[in-house]
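Have a look at the structure below before the remarks.
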Amino acid sequence: MHGQPRKAPKPEDEAASAAKAEKLRNLQSQFLCFHHNNIYSKEALEVSARLLENNPEYYTAWNYRKLAVEHRLTQSESDPDSDSDSVNSILNVELKVVESALRQNFKSYGAWHHRKWVLSKWQSSLDHELRLLDRFQKADSRNFHAWNYRRFVASLLNISEVDELQYTTDMINKNFSNYSAWHNRSVLLSNLLKRKAQGFFPKEKVLNEEYELVHQALFTDPDDQSGWFYHLWLLEQTVKADAPLLVSSWPAHDSNLILLGDSCLEDSALSPFNTFHSELGTIPLVVYFNKAVEGVNSSTISVESVLNTKGELTWKPLSTNNSQTAQVWVTYLNYPNIKLHSSEFYPVEVSVGHTPGIISSSGFHYSHPSRFAFKVFVRPFEKDLAGHGVEMVSWREDNFLLYESHSQESNPILSLDQLNIKDDHEESSSKWRAETIANEIALFRELLSEINCKIGKLTLARLLIAHDMMLSPIANKMVHSEEVIQLYSDLMKLDSPHSQYYKDERSLVLLQQITSNRESLLRYCFRHGDRTSSFLGNSICLRLNNISLSRMGSIEKLLWVQMLDLSHNELRSMEGLEAMQLLSCLNLSNNKLSSFTALGPLRLLKSLKVLDISFNEIGSHSIDTTRYLCSSPLSHTEEIDWSHDETVTGDVNQTNYWEAFLIFKDLNLTQLDIVGNAIADEKFKSFLVKIVPTLKWLDGQELQLH
């Protein structure tokens with residue numbers, strides 16, 4: 001049983017275990033001899049059956065019996081005297097072997113899988129299977145192996161999901177602590193709600209009844225986690241939209257984008273929130289959905305603009321694992337070859353989903369066609385013929401001044417309104433969601449006033465977040481953020497083994513609070529004093545430094561950021577930053593990054609020029625050397641030629657630094673700081689200089705060109 005300390009074995013128990021082990025070794029030796037010689041005699045099958053009865057987890061023996069069954073069935077088919085009874089006999093023997101093994105361990109994966117395999121070839125009395133399941137579920141009603149097998153048998157018998165749902169109700173009423181029954185209920189209800197089965201639409205009525213059921217469990221035994229997990233599933237069904245929605249874009253809807261050339265950097269009349277400088281002659285166009293989708297292409301998203309001079313655009317998923325499903329997609333608009341007039345705006349209109357094809361990973365189609373538009377104002381790009389070198393960007397405190405905005409400036413965090421397409425059902429559904437969440441908050445406040453329950457505090461925090469997220473387009477602020485942050489801080493103390501999870505969740509809430517409105521965000525916006533660097537299209541730095549962040553979030557509201565300071569936090573991963581396609585300067589110093597793999601998302605930031613990862617923990621932790629014998633997690637779908645000529649330059653072997661090689665090889669960095677990491681010795685710095693030819697500054701020192 002979980003959580004119970006082991007007792008020291010008695011001498012007689014040790015002797016019995018030794019005898020059992022010796023018996024198993026003898027059986028295994030006999031079995032392997034038969035297996036290796038492809039012997040499927042009656043004696044061989046009896047040996048494998050005895051072995052499985054003593055050790056049901058011996059997968060090789062189950063696979064051997066599959067081979068034996070196939071062999072004997074083939075013989076039976078070629079025997080003219082064979083009949084259906086002989087086939088039934090062969091397969092019945094297998095079912096009996098499985099039953100014998102399950103009596104020893106009714107949670108044996110191999111035994112349950114073998115029984116499924118037998119029934120997939122030959123359906124015996126399925127009623128017998130249900131009776132067998134009843135016996136095992138009486139022994140342990142929470143046995144998820146039996147519940148999984150029950151779904152398999154129910155599908156063979158064509159038992160309706162409604163009937164199976166009633167069965168879960170009966171089992172839950174017998175024991176509220178039956179986690180497997182709650183889980184099976186969520187599986188069945190998901191299917192019924194998705195296909196809008198009779199009696200299960202609209203889902204509001206169904207979910208109300210489910211809330212009433214789970215409340216009985218929670219208030220009967222608040223310390224049992226089974227009902228709490230089901231309540232979390234209900235909360236997800238309540239607040240989430242089934243169909244994917246477009247939630248943000250860059251450029252933002254109704255914005256005026258100003259493309260800058262070097263000669264325009266000193267124009268103080270320009271708002272830094274809508275200026276952008278590109279040396280590549282392209283403008284990134286980013287669309288951000290509320291969930292991962294596929295099918296984004298020039299057919300499902302149309303772009304009308306004179307900037308689109310090459311016809312069809314190629315959309316790329318911003319996915320760190322090269323998947324064709326992603327939450328964020330990007331394409332690039334090219335500057336036209338014609339001479340642009342500096343006093344004229346060039347409109348761009350983007351239509352999303354007017355042609356079907358965008359679909360979520362869960363199978364829901366993008367069903368709310370939408371559009372957003374912006375204007376582009378191009379200032380001519382003029383190269384500085386004086387040929388000044390690239391200046392170093394300094395992150396020193398005295399280089400930053402709090403940004404003072406003008407009231408007429410555009411809002412930097414405008415995102416698309418998810419509710420811009422409404423119908424009567426949508427409005428009534430939104431009202432029901434708000435009322436349901438408010439009722440749940442009141443209930444759990446009452447419960448927590450009587451008991452100190454960790455999972456109750458966690459549920460209340462999730463409910464408060466859901467409430468604020470539903471109201472944020474109207475209230476334009478996170479009403480309960482301070483309370484939620486305090487709840488997670490309390491949980492970090494109450495439940496220290498899971499403190500990292502609570503810390504991550506606290507970070508997400510803090511970022512939601514910071515980005516919830518213009519006034520809040522501007523408190524973290526600073527003007528950077530150095531305006532000589534040509535790639536600093538705007539001089540605003542978003543400084544989220546020293547606020548105890550352990551995880552990044554609210555990225556959909558930060559797509560406009562070009563300079564970001566995340567130093568002096570507790571970040572271990574850069575997950576999500578791949579969406580920030582404008583990012584040119586990034587400070588990650590003094591965090592808890594332990595490997596280059598944590599920097600994987602940065603590979604997709606083609607505008608990144610300045611990176612500070614100094615004083616982290618890269619190279620400080622022991623490395624599993626077996627990782628070097630297989631492909632990197634960063635290169636599962638990437639072809640890399642580790643040939644001698646490519647990977648060895650001087651005395652530096654690139655295969656010794658394959659993680660760093662995969663991160664930096666495609667970046668065009670001009671400045672990198674890596675001092676303060678265990679890996680940052682002279683040999684590694686020499687390696688960096690060779691694989692990043694664009695590098696001009698390394699650890700504050702200007703590199704000498706050879």
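How large, in Å, is the range 114-203 by the Kirkwood hydrodynamic radius built from its alpha-carbon pairs?
Numbers: mean 1/r = 0.0721 Å⁻¹.
Its Kirkwood hydrodynamic radius stands at 13.9 Å.
Out of all Cα-Cα pairs in the range 3-157, roughly what percent, to the nearest whole number, are more than 28 Å apart?
So the portion of pairs separated by more than 28 Å is 30 percent.
Please give the peptides 438-444, 41-47 ranked by average Cβ packing (other Cβ atoms within 10 Å per residue), highest first, as a rough proxy for protection.
Details: 438-444: 16.6, 41-47: 14.4.
Top of the packing list down: 438-444, 41-47.
Could you sort His354, His277 by their accessible area in this structure, using a 1.4 Å probe and putting the largest first?
Of His354, His277, the descending order of accessible area is His354, His277.
Express the accessible area of the range 129-255 per residue in Å², computed with a 1.4 Å probe while the remaining protein chains stay in the model. Walk me through the intermediate numbers first.
On the way: 5800 Å² over 127 residues.
With the other protein chains kept in place, the range 129-255 gives 46 Å² per residue.
Show me the trypsin sites (Lys or Arg not before Pro) within the range 172-267 that DSSP assigns to loop and that have at most 15 other Cβ atoms within 10 Å of their Cβ.
Here the sparse-neighbourhood loop sites are Arg195, Lys196, Lys240.
Among the listed pairs Lys316/Lys690; Lys116/Lys457; Lys174/Lys203; Lys116/Lys240; Lys493/Lys606; Lys7/Lys96, which are separated by more than 32 Å between their Cα atoms?
In this structure, Lys116/Lys457; Lys116/Lys240; Lys493/Lys606; Lys7/Lys96 lie more than 32 Å apart at Cα.
So which trypsin sites (Lys or Arg not before Pro) in the range 660-706 end up in coil per DSSP with only 14 or fewer other C-beta atoms within 10 Å?
Lys665
Which peptide among 500-507, 154-161 comes first, and what is the full order, when sorted by highest mean count of other Cβ atoms within 10 Å?
Ranking the peptides 500-507, 154-161 by packing returns 500-507, 154-161.
To the nearest 0.05, how large is the calculated FRET efficiency for Asp13 and Lys107 if R₀ is 25 Å and r is the Cβ-Cβ distance? Don't jump to the answer; show the numbers that get you there.
Details: r = 22 Å, r/R0 = 0.89.
Working from the Cβ atoms, E equals 0.65.
Compute the distribution of all C-alpha to C-alpha distances in the range 92-157, in bins of 10 Å from 0, and list the percent of pairs in each, rounded to whole numbers.
Result, from short to long distances: 21, 65, 14 percent.
Taking only C-alpha pairs under 8 Å that are 6+ residues apart, what is the relative contact order of the range 82-193 in percent? Write down the numbers at each step before the final one.
Values: 63 pairs, mean separation 23.3, N = 112.
The normalised contact order for the range 82-193 reaches 21 percent.
With every protein chain present, what accessible area does Lys375 have (1.4 Å probe, heavy atoms only), rounded to the nearest 10 Å²?
Ignoring ligands and nucleic acids, Lys375 comes out at about 100 Å².
Could you tell me whether the range 479-619 comes out rounded, prolate or oblate from its Cα gyration tensor? Rule is a ≥ b ≥ c as square roots of the eigenvalues, rounded for a/c under 1.5, then prolate if a/b exceeds b/c, otherwise oblate.
oblate
Which sequence of Tyr524, Tyr657 reflects their accessible areas, 1.4 Å probe, from the largest down?
Tyr524, Tyr657
Quote the relative contact order of the range 1-139 in percent (integer), defining contacts as alpha-carbon pairs under 8 Å separated by 6+ residues. Spell out each step's value before the answer.
Numbers: 74 pairs, mean separation 29.2, N = 139.
Averaging sequence separation for qualifying contacts and normalising by length gives 21 percent for the range 1-139.
So for each of 322-331, 571-580 I average, over its residues, the number of other beta carbons within 10 Å; can you give me the resulting order with the highest mean first?
Top to bottom by mean Cβ count within 10 Å: 571-580, 322-331.
The values are calculated or read from the model by the stated rules, or taken from the named source; none is laboratory data. All of these numbers come straight from a predicted model, not from anything done at the bench. Glycine gets a Cβ as well: all are built from the backbone with ideal geometry, and neighbour counts include every protein chain shown. Heavy atoms of the whole protein, side chains included, go into the accessibility calculation; ligands, DNA and RNA do not. Shrake-Rupley method; radii C 1.70, N 1.55, O 1.52, S 1.80 Å.
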